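Visitor: Have a look at this one before I ask anything.
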Amino acid sequence: MAFSLVIKIGGEGGEGVISAGDFLTEAAVRSGYHVVNFKSFPAEIKGGYANSTVRISDEKLYSTGDGFDILCCFNAEAYAYNKKHLKLGTVLVYDSSDFEPEEHEGVIMYPVPLSDIAKNQIKAYITKNIVALGALTGLFNLPVESLKDSIKAKFSRKGEKIVSMNYQALEAGINYVKENLVKKDGFEFPPPIGLKDVVIMEGNQAIAKGCVAAGCQFYAAYPITPATSVGNYIVEDLIRKDGWLYQAEDEIASLAMAIGASFAGAKAMTATSGPGLSLMSELIGYAGMTETPVVIVDVQRVGPATGMPTKHEQGDLYHAVYGSHGEIPRAVLAPISVEDSFYMSVEAFNLAEKYQMPVIMLTDAAMSLRAEAFPTPDLSKLNIVNRLIYNSEEDKEQKFIRHGRFLRYALFTEDGITPMGIPGDPNAIHAITGLERQENSDPRNRPDIRTYQMNKRFKKLEKLLEEDYDRFIEIDAPYKDADIGIITWGLTASITKEAVQRLRSRGLKINAMYPRLLWPVKEDVFEFFAKSSKRILIPETNYYGQLATIVKDRTHIRPISYNIYRGEPFIPKEIEDIVDFLMENQEITEGRFTPEHIYGEKAYGLI
């Protein structure tokens with residue numbers, strides 16, 4: 001039977017809750033295990049409830065599960081947030097110098113004076129999180145040497161004195177447990193199974209690494225939660241590759257800079273969140289109209305307006321697909337995991353460069369901070385696509401020159417893709433404006449030219465659907481007559497994968513489809529998948545069911561939409577429960593459902 005252990009650490013922002021989870025994640029990976037680390041923190045600069053949930057297993061993980069096995073509370077607020085989830089067989093480790101919990105039947109509780117040990121024994125309150133890790137190590141046999149390796153890697157730049165102090169804090173937590181507590185639970189970290197060739201990355205870090213691997217040379221952005229760390233992660237790699245990073249005065253300027261850099265010949269990008277994407281709408285249209293490659297990463301957060309800046313939602317799909325006045329070709333991608341974020345970032349640049357258009361990649365606040373261990377990417381095996389650039393030596397017949405003018409927007413190509421001219425090339429001189437134009441880039445308002453140029457631009461999407469679409473669609477459909485077919489995207493897809501495994505283990509016939517390319521839509525692929533299932537379910541973390549709406553608009557499918565919009569991702573149990581609900585209610589074939597339909601007044605007791 002597979003080993004799985006979920007440890008949740010909660011406390012106040014600034015107490016080291018997140019870094020404690022990071023240390024635990026690193027230690028587990030160093031011991032050879034699969035790890036997923038979900039982090040959540042408040043929008044306040046300091047204070048507020050924060051938590052880190054680390055799931056460890058000897059098998060591949062898709063989520064942090066439905067709850068926790070072990071809860072470690074740094075303060076009373078963390079306990080108040082989580083006490084409803086304490087159930088028979090779970091363990092509570094708490095700071096007894098801060099609060100005393102009420103009794104919970106069947107819950108094993110271990111009091112550890114974390115604050116007192118840090119203040120009075122180590123003489124540094126800041127080490128409270130390391131004391132807590134020591135207590136967890138003493139109770140559950142966490143790999144102490146791996147923890148020490150992680151601590152040393154983190155603090156070695158601050159000097160041996162700081163490393164030694166944190167070692168003392170770790171040992172103090174271990175010793176307190178050994179001297180004062182009697183173990184009453186059955187949870188124990190298993191022996192190390194050997195370090196694998198893996199990397200640990202957060203979602204935004206994986207995006208940054210993937211973009212650099214794709215050849216990104218220019219990054220411009222304005223700071224916005226939760227996208228800012230993409231720039232923090234990418235800057236050093238860009239500098240090493242003689243690239244450029246600019247902090248613009250606002251989101252509009254950041255995309256304008258990226259478009260300008262791309263026009264000059266650089267692979268360019270920006271990263272933002274929903275409010276910034278709103279501001280960029282006109283320039284997204286400009287990039288589509290001028291056929292300029294650019295990558296826009298949208299780390300979605302709860303909206304509208306300021307909303308909940310640090311929380312999860314999948315609410316920007318409509319905007320990514322339809323935003324901008326008029327109609328332009330674009331591609332919209334959505335990775336489903338941290339590992340996927342790396343490879344989809346490469347693909348975002350490939351599509352932008354090949355088809356000379358804006359590509360929007362949708363990730364989200366939860367995935368931006370989620371940490372995973374995955375196999376180290378082999379950069380030599382990446383397929384890197386570069387834009388088609390005009391070469392006068394290859395254009396012997398001067399197909400792209402007429403009356404001495406470069407035909408940047410020539411109409412005769414079958415796929416609508418024409419060579420780009422790099423500024424400074426005397427053989428490729430052309431203007432670039434947001435106006436409709438004729439082949440040589442001169443502005444024109446004629447009906448025939450407008451029609452021809454629109455057709456030229458949208459031919460590129462036809463080619464994309466023909467040549468590149470299939471590799472972005474993951475179909476897991478072993479049944480010809482499945483009870484339910486699930487279509488979903490982004491982080492919800494990763495969580496759904498675990499739910500599908502559970503449902504199949506119970507004998508239910510479940511097919512699943514996980515599109516990474518959400519726009520353009522290849523209708524026949526969706527239709528073919530739908531034929532394998534009696535009913536189609538589309539779970540999403542938004543109010544309207546945005547992918548479900550697009551599927552209804554573009555196909556004959558009439559799905560059942562299941563929506564949450566609470567600021568947190570689904571847990572696998574919720575996907576299981578909606579499927580069970582549908583199995584009990586065979587008459588339901590379409591419509592929109594929320595947790596209230598399944599759980600009634602208890603709908604929000606799950607999270």
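Visitor: State whether one or more residues within region 592-605 are touching a residue at least 24 places away in the same chain (Cβ under 8 Å), under 19 Å from ASP66 (Cβ atoms) and either in a loop (DSSP other than H, G, I, E, B) or open to solvent by 50 Å² or more (accessible area, probe 1.4 Å) (or both).
Guide: Taking every residue of region 592-605 in turn, at least one turns out to be touching a residue at least 24 places away in the same chain (Cβ under 8 Å), under 19 Å from ASP66 (Cβ atoms) and either in a loop (DSSP other than H, G, I, E, B) or open to solvent by 50 Å² or more (accessible area, probe 1.4 Å) (or both).
Visitor: Take the conditions out of contact with any Cys (no Cβ under 7 Å at 6 or more places or on another chain) and without any contact (Cβ under 8 Å) to a residue 40 or more places away in the chain and apply them to GLY159. Does it pass?
Guide: yes
Visitor: Just to be sure I understand, how many residues within region 443-482 are open to solvent by less than 40 Å² (accessible area, probe 1.4 Å) and outside any helix (DSSP H, G or I)?
Guide: 4
Visitor: Going by the structure shown, is ILE130 surrounded by 21 or more Cβ atoms within 10 Å (Cβ to Cβ), closer than 25 Å to ARG502 by Cβ and not hydroxyl-bearing (Ser, Thr, Tyr)?
Guide: Details: surrounded by 21 or more Cβ atoms within 10 Å (Cβ to Cβ): yes; closer than 25 Å to ARG502 by Cβ: no; not hydroxyl-bearing (Ser, Thr, Tyr): yes.
No, not satisfied.
Visitor: Can you find a residue in region 211-220 that is modelled with pLDDT of 95 or more and surrounded by fewer than 16 Cβ atoms within 10 Å (Cβ to Cβ)?
Guide: Within region 211-220 (the criterion being modelled with pLDDT of 95 or more and surrounded by fewer than 16 Cβ atoms within 10 Å (Cβ to Cβ)), the answer is no, since none of the residues qualifies.
Visitor: Give all pairs with beta carbons closer than 9 Å in which a residue from region 404-416 that is within 15 Å of ILE449 (Cα to Cα) meets a residue that is open to solvent by 70 Å² or more (accessible area, probe 1.4 Å) and part of a loop (DSSP other than H, G, I, E, B); count only pairs at least 6 apart in sequence or on separate chains.
Guide: Qualifying pairs under 9 Å: LEU407/LYS399; ALA410/LYS399; PHE412/LYS399.
Visitor: Need the failing condition index for ILE252 against (1) open to solvent by less than 10 Å² (accessible area, probe 1.4 Å); (2) under 24 Å from the mean Cα position of the chain (by Cα); (3) hydrophobic (A, V, I, L, M, F, W, C), just the number.
Guide: (1)
Visitor: A further question follows. Filter region 499-517 for residues that are in contact with an Asp or Glu (Cβ under 9 Å, 6 or more places away or on another chain) and open to solvent by 10 Å² or more (accessible area, probe 1.4 Å); which is nearest to ILE571 (Cα to Cα)?
Guide: ARG502
Yes or no, residue by residue, for (1) within 28 Å of THR306 (Cβ to Cβ); (2) within 24 Å of the chain's Cα centre (by Cα); (3) modelled with pLDDT of 95 or more:
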| position | (1), (2), (3) |
| --- | --- |
| ASP22 | yes, yes, yes |
| THR25 | no, yes, yes |
| VAL36 | no, yes, yes |
| SER40 | yes, yes, no |
| GLY48 | yes, yes, no |
| ILE56 | no, yes, yes |
| GLU59 | no, yes, no |
| ALA76 | no, no, yes |
| LEU92 | no, no, yes |
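Visitor: Within the bounds of region 147-157, is there any residue that is among the hydroxyl-bearing types (Ser, Thr, Tyr), surrounded by 17 or more Cβ atoms within 10 Å (Cβ to Cβ), within 30 Å of the chain's Cα centre (by Cα) and not in a strand (DSSP E or B)?
Guide: yes
Visitor: Condition first: under 26 Å from the mean Cα position of the chain (by Cα), closer than 28 Å to TYR355 by Cβ, among the acidic types (Asp, Glu) and open to solvent by less than 50 Å² (accessible area, probe 1.4 Å). Can you find one or more residues in region 518-539 that meet it?
Guide: For region 518-539, residues under 26 Å from the mean Cα position of the chain (by Cα), closer than 28 Å to TYR355 by Cβ, among the acidic types (Asp, Glu) and open to solvent by less than 50 Å² (accessible area, probe 1.4 Å): absent.
Visitor: Right, here's the next one. Are there any pairs, at least 6 apart or on different chains, whose C-beta atoms fall under 7 Å, with the first in region 54-83 and of a type in the set (Val, Ile, Thr) and the second assigned to a loop (DSSP other than H, G, I, E, B) and surrounded by 24 or more Cβ atoms within 10 Å (Cβ to Cβ), and if so, which?
Guide: ILE56/TYR33
Visitor: Any residue that is without any contact (Cβ under 8 Å) to a residue 60 or more places away in the chain, under 16 Å from VAL500 (Cβ atoms) and in contact with a Ser or Thr (Cβ under 6 Å, 6 or more places away or on another chain) - is there at least one of those in region 538-560?
Guide: Yes, region 538-560 has at least one match.
Visitor: Output the number of the condition that GLU474 fails; it satisfies all remaining conditions of (1) at positive phi; (2) within 27 Å of the chain's Cα centre (by Cα).
Guide: The failed condition is (1).
Visitor: Being in contact with a Ser or Thr (Cβ under 8 Å, 6 or more places away or on another chain) and surrounded by fewer than 24 Cβ atoms within 10 Å (Cβ to Cβ) is true for just one of SER278, SER229, SER262. Which residue is that?
Guide: Details: SER278 fails: in contact with a Ser or Thr (Cβ under 8 Å, 6 or more places away or on another chain); SER262 fails: surrounded by fewer than 24 Cβ atoms within 10 Å (Cβ to Cβ).
Answer to the selection: SER229.
Visitor: With (1) in contact with an Asp or Glu (Cβ under 8 Å, 6 or more places away or on another chain); (2) in contact (Cβ under 8 Å) with a residue 40 or more places away in the chain as the list, and GLY303 as the residue in question, which single condition is left unmet?
Guide: With (1) in contact with an Asp or Glu (Cβ under 8 Å, 6 or more places away or on another chain); (2) in contact (Cβ under 8 Å) with a residue 40 or more places away in the chain applied to GLY303, the lone miss is (2).
Visitor: Quick one: would you say GLY265 is small (Gly, Ala, Ser), under 28 Å from ARG408 (Cβ atoms) and touching a residue at least 60 places away in the same chain (Cβ under 8 Å)? Break it down stepwise before answering.
Guide: Numbers: small (Gly, Ala, Ser): yes; under 28 Å from ARG408 (Cβ atoms): yes; touching a residue at least 60 places away in the same chain (Cβ under 8 Å): yes.
Yes: the conditions hold for GLY265.
Visitor: For region 104-123, what are the residues that are farther than 17 Å from ASP69 by Cα and of a type outside the set (A, V, I, L, M)?
Guide: Passing the criteria: PRO113, SER115, ASP116, LYS119, ASN120, GLN121, LYS123.
Visitor: For LYS183, indicate whether it is in a loop (DSSP other than H, G, I, E, B), of a type outside the set (Ser, Thr, Tyr) and open to solvent by 20 Å² or more (accessible area, probe 1.4 Å). Can you show your working first?
Guide: On the way: in a loop (DSSP other than H, G, I, E, B): yes; of a type outside the set (Ser, Thr, Tyr): yes; open to solvent by 20 Å² or more (accessible area, probe 1.4 Å): yes.
Criteria met by LYS183.
Visitor: In region 419-442, how many are out of contact with any helix residue (DSSP H, G or I) (no Cβ under 8 Å at 6 or more places or on another chain) and either touching a residue at least 60 places away in the same chain (Cβ under 8 Å) or open to solvent by less than 60 Å² (accessible area, probe 1.4 Å) (or both)? Show your work before the answer.
Guide: Taking region 419-442 and keeping what is out of contact with any helix residue (DSSP H, G or I) (no Cβ under 8 Å at 6 or more places or on another chain), we get 419-422, 424-431, 435, 439-442.
Now narrow it down to the ones that are either touching a residue at least 60 places away in the same chain (Cβ under 8 Å) or open to solvent by less than 60 Å² (accessible area, probe 1.4 Å) (or both): 419-422, 425, 428, 430-431, 439-442.
Count: 12.
Visitor: Evaluate region 435-442: report whether one residue or more is assigned to a strand (DSSP E or B) and of a type outside the set (Gly, Ala, Ser).
Guide: yes
The values are calculated or read from the model by the stated rules, or taken from the named source; none is laboratory data. Just so it is clear, the structure is predicted and the values come from calculations on it, not from any experiment. Using ideal geometry, Cβ is built from the backbone for each residue, glycine included, and neighbour counts are taken over all protein chains shown. Just so you know, the surface numbers come from the protein's heavy atoms only, side chains and all, with ligands and any DNA or RNA stripped out. Shrake-Rupley method; radii C 1.70, N 1.55, O 1.52, S 1.80 Å.
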